[in-house]
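What follows is calculated from the coordinates using simple rules that are stated; it is not laboratory data. These numbers come from a predicted model, not from an experiment. Note: ideal-geometry Cβ built from the backbone for every residue, glycine included; neighbour counts use all protein chains shown.
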């Protein structure tokens with residue numbers, strides 16, 4: 001579905017609020033900054049702020065977090081016979097290629113990494129994402145994938161996301177997020193039952209494929 005003008009406008013306002021929030025958090029501290037402060041910084045009322053974000057914590061994650069609904073939609077759209085781990089890889093790879101990697105985005109991520117309440121909020125978001133991804137993987141498999149295995153795969157994917165974000169912050173944004181994602185998925189790629197350790201290492205060290213196996 002094509003993005004409407006209303007969608008683009010809403011996304012732009014959310015981005016403006018998010019940037020204002022991060023700037024104020026950096027200047028005054030997270031606890032010392034109120035929703036009113038953020039709204040006032042962009043010429044908006046507190047009531048209007050809540051049309052875009054339920055809390056000030058959520059403003060920090062705008063544009064930097066995988067949306068649950070989008071993940072489910074993208075997983076369902078992948079080829080029916082695709083390996084579930086590769087399916088997760090390609091969906092998250094597309095997302096990483098689209099997110100901003102600017103200094104502003106780095107400031108957002110660093111704030112999340114260094115603020116306990118934001119890290120807790122990130123954990124909540126990751127849990128929602130994990131459950132949605134697990135259920136979507138099971139649904140698209142038509143009974144070929146059990147819930148336990150799907151949950152393991154979704155948990156592993158979350159671990160990759162967390163490590164990618166941490167490394168990106170550690171390198172001050174110099175690391176390529178998509179390359180880190182590829183490395184993470186290659187390192188944790190499940191092997192078929194009975195596969196030898198040599199085969200596992202060979203698979204891990206093989207060049208990563210681009211989107212859709214290209």
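A Förster radius of 41 Å combined with the Cβ-Cβ distance from residue 144 to residue 10 puts the calculated FRET efficiency at roughly 0.60. How far is helix 147-170 tilted, in degrees, relative to the longest principal axis of the Cα atoms in the chain, given as a value from 0 to 90 rounded to the nearest 10? The angle comes out near 50 degrees.
How far is helix 116-140 tilted, in degrees, relative to the longest principal axis of the Cα atoms in the chain, given as a value from 0 to 90 rounded to the nearest 10? Result, in degrees: 40.
Taking the three principal axes of the alpha carbon atoms in the chain, the coordinate ranges are 60, 36, 30 Å, sorted in descending order.
Taking all C-alpha pairs of the range 1-118, those more than 26 Å from each other amount to 29 percent. A Förster distance of 25 Å, applied to the separation of the beta-carbon atoms of residue 41 and residue 114, puts the FRET efficiency at 0.70.
For the peptides 89-97, 48-56, residues were scored by their other Cβ atoms within 10 Å and the scores averaged per peptide; the highest-first order is 89-97, 48-56.
Translational diffusion of the range 5-59 was estimated from the Stokes-Einstein equation, with Rh taken as the Kirkwood radius over Cα pairs; at 37 °C and 0.692 mPa s the coefficient is 296 µm²/s.
Taking 22, 117, 164 in turn, the Gaussian network model of the chain (Cα-Cα springs below 10 Å) assigns the largest fluctuation to 117. Highest average first, the peptides 8-17, 182-191 ordered by how many other beta carbon atoms sit within 10 Å of their residues are 182-191, 8-17.
With springs only between Cα atoms under 10 Å, which of 144, 132, 18 fluctuates most in a Gaussian network model of the chain? Highest fluctuation of the listed residues: 144.
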